[in-house]
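Below: the structure, in structure tokens.
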Amino acid sequence: MKILGINIGEEPDTGRSILRALDRLGYETEIYPAELDLFRLNDEDIDKLAGTVKEHGVTHMISVHLVNICAVVSDRVDVKYIAYIWDAPYVRLYSPFGRLSRCYYALFDRLDCERFRASGIRNVMYTPLAVDAELQRVWNRKTAAALRGGYMHDVCFLGRLYENNDYDKNLPSIPDDMRRYFESIFAEAAFRWDGVNRIYGKTSQELLDYIRLCSQDFTIETNLDIDDVTAFERFYLVRKIANIERIAVLNTLAETYSVWLHTSSKVDPALLGKVQVGPPVFPGDASALLFAGSRINLNISLKGIEGGTPQRVMDVLGAGGFMLSSYGPETAEIFEEDKEIVMFKSPEELFDKVGYYLRHEKERQAIARRGQKRVLDCYTYDRTIKKIMDWVES
């Protein structure tokens, strides 16, 4: 068995960590030298990849996210292709490429898996996301030496604000009655983190047709096997609600506490009030330092992640950081609440817990230590990739 890694970048890239795990598990691996576009198809790239697979005796290909060329080549030369997915809702599987029989998908949101199976996409499995335990321990030693028990931030959020969401960009001039309707959806769905989806099913094709009559900027182009309503709810509404929630939560907390946002988002400073904005911090030793150096790390999941545990949560816990996260049903299954992770279902609960855990240092640190142990013991690439390979081969 020989596994070809596609789009495997430099450390600490997820793909590189997956390949190292495969090496430790005893698989023969090789890295494909060219980077492939996730979407674009052309005969030259297909022929080159197919030739490499046949010439080098490759039996499996693996990548992070679906690479369309890999799906085509897996079908053409009869090898298995595995895509490790860390995004949700991952609607790209609703395509001819996602349905090819030699393709296998590992996803971290159980509801996503169930929907794919119901649509006829058979080769999907649920598995929580993971960390590179070997690298993480190296970063943690560097972090401990740098921090020496101190902290850089009280409350920190690392992530996007979705300020360039499609709703704001493409619906600037819809009629007031339509805007009020969507605002009623936002009011019902935003700031309620109890695992109930209050977005899907609130839109109809007739409503979208009406928007098209009123707004020349409105467009839905997905090239996927999903209807316009599904695409609109996933791409327009989910991200707009994330934009609303994240800005409002950070601003409200910053009225009382020292709150830092590290982001690549370009946001008008006037929208962020007293929130202190730092540069983006990329995965690796830099993010490990940030997570361990913040008394409280926030996670406010996209509503499109209905149950799964985002990579941010795994990375914070792996670094020994304290994680205060919006509630997720599957997160509550894999971590012991208030022992390894702390979660909130409402703004009131969030604000109460920020204040409580900033005042209770020892309790907060004990939770962080237990959460770190759980991740480094149970949710590593070695364990996850073994689980995936056993499933693919069975």
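Observations on the structure shown:
- Candidate set: region 6-33, residues that are more than 20 Å from GLU393 (Cα to Cα) and among the hydrophobic types (A, V, I, L, M, F, W, C); chosen: the one modelled with the lowest pLDDT: ILE8
- Boolean, LYS266 is under 25 Å from GLY293 (Cα atoms) and under 25 Å from the mean Cα position of the chain (by Cα): yes
- Cross-chain or 6+ apart pairs with Cβ under 6 Å, region 123-141 first and under 19 Å from ARG312 (Cβ atoms), then in a loop (DSSP other than H, G, I, E, B) and among the aromatic types (Phe, Trp, Tyr): PRO128/PHE108; PRO128/TYR379; LEU129/TRP86; LEU129/PHE108; ALA130/TYR379
- Filter pass, ASP285 being touching a Lys or Arg at 6+ places or on another chain (Cβ under 7 Å), among the acidic types (Asp, Glu) and crowded, with 18+ Cβ neighbours inside 10 Å: yes
- Odd one out for ILE305 among (1) at pLDDT 95 or above; (2) touching a Phe, Trp or Tyr at 6+ places or on another chain (Cβ under 9 Å): (1)
- The residues of region 92-113 that are in contact with a helix residue (DSSP H, G or I) (Cβ under 6 Å, 6 or more places away or on another chain), buried (at least 21 other Cβ atoms within 10 Å of the Cβ) and not hydroxyl-bearing (Ser, Thr, Tyr), listed by number, are LEU93, PHE97, CYS103, ALA106, LEU107.
- Helices (runs of 4 or more DSSP H) enclosed by region 172-243 - at least 3 residues per element that are modelled with pLDDT of 90 or more and under 20 Å from LEU302 (Cβ atoms): 176-189, 228-232
- Taken together, the criteria place MET389 among residues that are assigned by TED's automatic domain parsing to the domain that holds ALA21, touching a Phe, Trp or Tyr at 6+ places or on another chain (Cβ under 9 Å) and at pLDDT 95 or above.
- The selection criterion, being in a helix (DSSP H, G or I) and surrounded by 14 or more Cβ atoms within 10 Å (Cβ to Cβ), holds for THR331.
- Selection count where residues are closer than 30 Å to LEU22 by Cβ and not in a helix (DSSP H, G or I), scope region 341-394: 4
- Within the option set ASN223, ASN197, being polar (S, T, N, Q) and in contact with a Lys or Arg (Cβ under 9 Å, 6 or more places away or on another chain) holds for one residue only, ASN197.
- Residue count for region 344-369, restricted to those that are buried (at least 16 other Cβ atoms within 10 Å of the Cβ) and either of a type in the set (A, V, I, L, M) or within 23 Å of the chain's Cα centre (by Cα) (or both): 7.
- Qualifying residues in region 116-134 (those that are part of a loop (DSSP other than H, G, I, E, B) and hydrophobic (A, V, I, L, M, F, W, C)) - the one surrounded by the fewest Cβ atoms within 10 Å (Cβ to Cβ): ILE121
- ALA270, sole failed condition from (1) without any contact (Cβ under 8 Å) to a residue 60 or more places away in the chain; (2) buried (at least 23 other Cβ atoms within 10 Å of the Cβ): (2)
- Residue that is nearest to TYR90 (Cα to Cα), among those in region 206-253 that are buried (at least 18 other Cβ atoms within 10 Å of the Cβ), out of contact with any helix residue (DSSP H, G or I) (no Cβ under 8 Å at 6 or more places or on another chain) and in contact (Cβ under 8 Å) with a residue 60 or more places away in the chain: VAL238
The values are calculated or read from the model by the stated rules, or taken from the named source; none is laboratory data. All of these numbers come straight from a predicted model, not from anything done at the bench. Positions of Cβ are backbone-derived with ideal geometry, glycine not excepted, and every protein chain shown enters the neighbour counts.
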